[in-house]
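J.: Dumping the structure here so I can ask a few things about it.
The values are calculated or read from the model by the stated rules, or taken from the named source; none is laboratory data. On a predicted model such as this, the values are computed, not experimentally measured, just so you know. Every residue, glycine among them, receives a Cβ derived from its backbone with ideal geometry; neighbour counts consider all protein chains shown. Side chains included, ligands, DNA and RNA excluded: accessible areas come from the protein's heavy atoms. Shrake-Rupley method; radii C 1.70, N 1.55, O 1.52, S 1.80 Å.
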Amino acid sequence: MTAALLALADSRLPAGGHTHSGGVEQAIVAGLVHDPRSLEVFLRRRLVTSGAVAAGAAAAAAREGGGAPADRRAGWARIDAETDARTPSPALRRASRQQGRGLVRVGRRAWPAAVWDDLPDRPHHPLALGVAAVAAGLGPDDAARAAAYLAVTGPATAAQRLLAMDPITVATVTARLGDEVDRVAAATSTTSTGISSRTPPGTSPGTSTGVSTGTTDGDGRDPDWLPADTDPLLDLLAEVHADRGDRYFAS
Amino acid sequence: MPPDHLLDDYVDPYDDPAARGRRHGPLRVGLGGPVGSGKTALAAALCRTLGAELDLAVVTNDIYTTEDADFLRRHAVLPDDRIEAVQTGCCPHTAIRDDITANLDAVELLEARHPGLELVLVESGGDNLTASFSYGLVDVQVFVVDVAGGDKVPRKGGPGVTASDLLVVNKTDLAPLVGADLDVMRRDAAAVRGGKPTLLISLREDPAATEVAAWVRQQLRSRAAQHA
Amino acid sequence: MRTLVEVVARPGPGGRTVLPVVRASGQLAVRRTGPTTVHLVATAFGPLGGDDAEVRLVVEAGARLIVRTVAAAVVLPARGESPPSLQRIRAEVAGVLDVRPEPTVVTAGAHHRAVLHAQLTEDAELTATEQVQLGRSGEQPGRWTGTTRIERAGVPLLHTTVGLGPGAAAWLPPVAPQAYASTVHLGSTAGRATGDDAVRLPLDRGWVATAWGERLTPTLARLALLGQPAPVEEALS
């Protein structure tokens, strides 16, 4: 089902992504992005933080697709809440949910399937991506790959427009990050087994989700938790950007 | 905005809303045209003229600022909650043609906020002569050019000039000053527009945009008749 | 070396808090320094690479607990290829918990992993701070990875992992701070706010503020501009 993955990750899929800069518009204003090298640094830090979170959530959402409707509804609601917890910036939450809605709009018609009805309203974008993958017959790895890839290509295109950069240079920067995109996507399939197998929310402290057995991987990460890597710089850029009256991009 | 599960009521994936006309909701009118031709002034004029008789709202696609939305607010032609501004990511014609998501969200937000809405004006960001609206976003579109751009504009064509449902040539009062021949513009427009209407107007002389407002009323009537 | 600290705070007679469990083993000792306050005291150098410390805090409904440390923790690498040192705080809070340790200094070659996992009931209150400096004065930075997960009634409110120092994937010049500070507070609301290399974000009935920079002291000053929860008052004994 490679063709469906290509369609899902295509920047021309009309899901509203082109009006979001992934923080790069404000990074340019702040002087952090001004040339191909600084763009690559920005894209890398976005990829390994919000890109990893998106890939993890998208893969987890895709894993839920095979369950009974009630189970996957509950699973997707939990993934949506987990994504909220990993996206404390109101501006970034808004951007994610706007893009999630945009993807649902096109996805429902492009890949009609019953699973769309089990999504919460205005889902986070990675969740919508995971469900789109299910509807299109793709797997969790594909969902993670699309999420990680889109975390890079959106801001790359925005930077190209804002800085009038050579499009071939920007394509080169994006291509050079390909291995890292694959690495981030692959990491999600080995770290999280999906949070749906855990005790559902609402239980009392001490028995609810997330109390691990105490085991951690070599980096001290809890394999039971979805990726939560964050970059406070991106939060700050997003909030400053949201306050501006003069901007080209919605985020 | 409606919930996501109502985003799409089209059962047949090839049943393109653009091809058959929407069955419900307000009439969506696109206002496009080059920078400075008078799109915002026309939107304001239509709001003033039609506001008393129609339940209406406006979506603006400013390129950089919320200047157009602010203009409409400042001139109090519409209450704040009837104006939505969208950002177009440096690419105003993508936002009205290739990926209309942000504009659809804005239209749907206005529809949800004002259930009796009859007319939504979608004003594009100032762009060049190739910009046109997707019929997935609007039901009909108006392309606004002005006399000051030179009387060659209609002859040069482009999808806005040739294919729009209404071509408006604004600022006719400037014709003597810029040496533009209105008859030439009228004739050239007719030659490339295959019978679709062209209006030569001056918003300075007619701030009510009487003729354009009449055309909009006609569109509302003909759609009502179609779906009756 | 494994370290375990356990403290339980329970409501006592007259609205006071009693601490029926105050115990520690390994490289931390725990001292009662006030009616509702405990201080953690390091009993050895470190933490060292490979050390694993867990602090379990339980604050029952109607009780208050204040946790402090007596001095900055200086994280040192183990000999050879040093594994990370780990410190986990696991808190179950139905009352009021206030955890504000002294700074963590991560020396060159060391990697410290800090985890705060707090599970709150609907009415619980929490204040937790983190203060990090990579490298002692004039020294190369060490590496720090901090995860915060806070749940209220089982719903995740905040779950973030910040990686700092050489080798951390998002620690890239020109924004590669050696100092980092954050405050998370649940129990009262505050809107979003931005400052110089500092940002405060709202949470449901709470907020989280973060600041970063080269040195800790000015970083803390910029964080303080975004608000500082009042310390939990000591109950009269």
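J.: State, to one decimal in nm, how far the label point of B:T65 lies from the label point of B:D98, with both points 7 Å from Cα in the Cβ direction.
T.: 2.8 nm
J.: From the convex hull of the Cα coordinates of segment B:151-228, what is the mean projected area in square nanometres? Can you show the working numbers first?
T.: On the way: hull surface 22.7 nm².
For segment B:151-228, the mean projected area of the Cα convex hull comes to 5.7 nm².
J.: Calculate for chain C the 222 nm mean residue ellipticity that helices alone would give, adding -39,500 (n - 2.57) per DSSP H run of length 4 or more and normalising by residue count, nearest 500 deg cm²/dmol.
T.: Numbers: 1 runs with 9 residues, N = 237.
Dividing the helical sum by the residues of chain C leaves -1000 deg cm²/dmol.
J.: Let's test the formula: R0 of 25 Å, r as the Cβ-Cβ distance of B:S222 and B:E53. What FRET efficiency results, to the nearest 0.05?
T.: On the way: r = 17 Å, r/R0 = 0.68.
In this case the efficiency is close to 0.90.
J.: So, one more: How big is segment C:2-229 on each of its three principal axes, counting only the C-alpha atoms and giving the largest first in Å?
T.: Extents along the principal axes, in whole Å: 53, 41, 28.
J.: Measuring with a 1.4 Å probe in the full set of protein chains, what accessible area per residue, in whole Å², belongs to chain A?
T.: Heavy-atom accessible area per residue stands at 36 Å².
J.: Once the Cβ-Cβ distance between A:D35 and A:R244 is put in as r, and R0 is 30 Å, what FRET efficiency do you end up with, to the nearest 0.05?
T.: Working: r = 23 Å, r/R0 = 0.76.
Result of the calculation: an efficiency of 0.85.
J.: Also, quick follow-up: With charges set only on the Cβ (+1 for Lys and Arg, -1 for Asp and Glu), what does the dipole of chain C come to about its Cα centre, in debye to the nearest 20?
T.: Details: 23 positive and 21 negative charges, 59 e Å.
Approximately 280 debye in magnitude.
J.: Over the whole of A:74-84, what's the average partner chain Cβ count within 10 Å per residue? Rounded to a whole number, please. Present the calculation step by step, with values, prior to reporting the outcome.
T.: Values: counts 0, 0, 0, 0, 3, 0, 0, 6, 4, 2, 7.
Other-chain Cβ atoms within 10 Å of each residue's Cβ, averaged: 2.
J.: Reported to two decimal places, what Rg/Rh ratio describes segment B:76-194 when computed on Cα atoms with Rh from the Kirkwood expression? Could the numbers behind the result be given before it?
T.: Working: Rg = 16.3 Å, Rh = 15.8 Å.
Reported Rg/Rh (Cα atoms, Kirkwood Rh): 1.03.
J.: Next question, about the same structure. Just the number, please: carbon plus sulfur as a percent of the accessible area of segment C:2-229, 1.4 Å probe, no ligands or DNA/RNA counted. Walk me through the intermediate numbers first.
T.: Values: 4550 of 8710 Å².
C and S atoms contribute 52 percent here.
J.: What is the local net charge at B:D99, summed over the other residues whose Cβ is closer than 12 Å to its Cβ (Lys, Arg +1; Asp, Glu -1)?
T.: Working: positive: A:R12, A:R105, B:R97; negative: A:D10, B:D98, B:D105.
The answer is 0.
J.: Taking the C-alpha atoms of segment C:84-204, how large are the radius of gyration and the largest Cα-Cα span, Dmax, in Å?
T.: Spelled out, the Cα radius of gyration and Dmax of segment C:84-204 are 15.2, 46 Å.
J.: Determine, from the Cβ-Cβ distance of C:A193 and A:A113 and an R0 of 45 Å, the FRET efficiency 1/(1 + (r/R0)^6), rounded to the nearest 0.05.
T.: Plugging the Cβ-Cβ distance into 1/(1 + (r/R0)^6) gives 0.60.
J.: Okay, next question. Aspartates and glutamates near B:K152 by alpha-carbon distance under 18 Å, same-chain residues fewer than 8 away left out - which ones?
T.: B:K152 reaches B:D127, B:D173, B:D181, B:D183, B:D188.
J.: In degrees from 0 to 90, rounded to the nearest 10, what is the angle of the helix A:178-191 Cα long axis to the longest principal axis of chain A?
T.: The angle comes out at about 20 degrees.
J.: Total Å² of accessible surface buried at the A-C contact, 1.4 Å probe, nearest 100? Numbers along the way, then the final one.
T.: Values: alone 11940 and 11260 Å², together 19770 Å².
Approximately 3400 Å² gets buried when A meets C.
J.: Using the heavy atoms of the protein chains and a 1.4 angstrom probe, tell me the accessible area per residue for segment B:20-130 in square angstrom.
T.: On the way: 3790 Å² over 111 residues.
Value returned for segment B:20-130: 34 Å² of accessible area per residue.
J.: Using the Karplus equation 6.51 cos²θ - 1.76 cosθ + 1.60 (θ = phi - 60°), what ³J(HN,Hα) coupling, rounded to whole Hz, does each residue of segment B:119-136 give in order, writing x for Gly and Pro?
T.: Values per residue, Gly and Pro as x: 8, 10, 8, 10, 9, 7, x, x, 9, 9, 6, 8, 6, 8, 7, 6, 6, x Hz.
J.: Among C:G14, A:S251, B:I83, whose Cα projects farthest towards the positive end of the dipole of the protein assembly as shown, with charges put on the beta-carbon of Lys, Arg (+1) and Asp, Glu (-1)?
T.: C:G14
J.: Place a +1 charge on the Cβ of each Lys and Arg in segment C:103-237 and a -1 charge on the Cβ of each Asp and Glu, then give the dipole magnitude about the Cα centre in debye, rounded to the nearest 20. Before the final figure, lay out the partial values.
T.: Working: 10 positive and 12 negative charges, 86 e Å.
Using Cβ point charges on Lys, Arg, Asp and Glu, segment C:103-237 gives about 420 debye.
J.: Where the convex hull is taken over the Cα atoms of segment C:31-137, what is its projected area averaged over directions, in nm²? Before the final figure, lay out each step's value.
T.: On the way: hull surface 27.2 nm².
Mean projected area of the Cα convex hull: 6.8 nm².
J.: Accessible area of segment B:22-227 with a 1.4 Å probe: how many percent of it is carbon plus sulfur? Can you show the working numbers first?
T.: Values: 4250 of 8010 Å².
Ligands and nucleic acids excluded, carbon and sulfur give 53 percent.
J.: Mind pulling up the Rg/Rh value for chain A? Radius of gyration and Kirkwood radius, both on Cα. Intermediate results must be reported in sequence, preceding the final value.
T.: Working: Rg = 17.5 Å, Rh = 18.2 Å.
So for chain A, dividing Rg by the Kirkwood Rh gives 0.96.
J.: In sequence order, what are the phi-derived ³J(HN,Hα) couplings for segment A:151-168 according to the Karplus relation 6.51 cos²θ - 1.76 cosθ + 1.60 with θ = phi - 60°, rounded to whole Hz, with x for glycine and proline?
T.: 5, 9, 6, x, x, 5, 5, 4, 5, 4, 5, 6, 9, 6, 6, 5, x, 5
J.: Report the far tail of the P(r) of segment A:1-123, meaning the percent of Cα-Cα pairs longer than 19 Å. Each step should come with its number before you reach the end.
T.: Values: 4138 of 7503 pairs.
I get 55 percent for the Cα pairs in segment A:1-123 exceeding 19 Å.
J.: Quote the Stokes-Einstein diffusion coefficient, in whole µm² s⁻¹, for segment C:142-225, based on the Kirkwood radius over alpha carbon pairs, a temperature of 20 °C and a viscosity of 1.002 mPa s. Numbers along the way, then the final one.
T.: Working: Rh = 13.6 Å.
It comes out at roughly 157 µm²/s.
J.: Okay, moving on. Hey, rough spin-label estimate for B:A148 and B:A112, points 7 angstrom out along Cα→Cβ, what's it come to in nanometres?
T.: Simple spin-label model gives 4.0 nm for this pair.
J.: Order the peptides B:199-211, B:93-105 from the highest to the lowest mean number of other Cβ atoms within 10 Å of their residues.
T.: Numbers: B:199-211: 16.8, B:93-105: 23.8.
Per-residue Cβ counts within 10 Å, averaged per peptide and sorted highest first, yield B:93-105, B:199-211.
J.: Follow-up. Accessible area per residue of segment C:2-229 at 1.4 Å probe, in Å²? Walk me through the numbers on the way to the answer.
T.: Numbers: 8710 Å² over 228 residues.
Result: 38 Å² per residue.
J.: So, with a 1.4 angstrom probe, what is the percent of accessible area on chain A that is carbon and sulfur?
T.: Working: 4950 of 9020 Å².
Looking at chain A in its full context, I get 55 percent from C and S.
J.: Across the residues of C:168-180, average count of Cβ atoms on other protein chains within 10 Å?
T.: Values: counts 4, 11, 16, 3, 9, 2, 4, 10, 1, 2, 0, 0, 1.
Averaged over the peptide's residues, the number is 5.
J.: Right, here's the next one. Under 25 °C and 0.890 mPa s, how fast does segment B:22-227 diffuse according to Stokes-Einstein, given a Kirkwood radius computed over C-alpha pairs? Answer in µm²/s, whole number.
T.: Numbers: Rh = 16.9 Å.
Roughly 145 µm²/s, to the nearest whole number.
J.: For peptide C:200-206, how many partner chain Cβ atoms fall within 10 Å of a residue's Cβ, on average? All intermediate terms of the calculation are to be shown ahead of the outcome.
T.: On the way: counts 4, 12, 3, 3, 1, 0, 0.
Whole-number average of other-chain Cβ neighbours for C:200-206 is 3.
J.: Arranged from highest to lowest average of other beta-carbon atoms within 10 Å per residue, in what order do the peptides B:36-46, A:79-89 appear? Display every interim value, and only then the final one.
T.: Details: B:36-46: 22.9, A:79-89: 25.0.
Listed from highest to lowest mean packing, they are A:79-89, B:36-46.
J.: From Cα coordinates alone, what are the radius of gyration and Dmax values for the protein assembly as shown in angstrom?
T.: Taking only Cα atoms of the protein assembly as shown, I get Rg and Dmax of 29.2, 96 Å.
J.: Threshold 40 Å², probe 1.4 Å: give the residues of segment A:105-133, in number order, that are less accessible with all protein chains present than with their chain alone.
T.: Flagged in segment A:105-133: A:R105, A:R108, A:R109, A:D121, A:R122.
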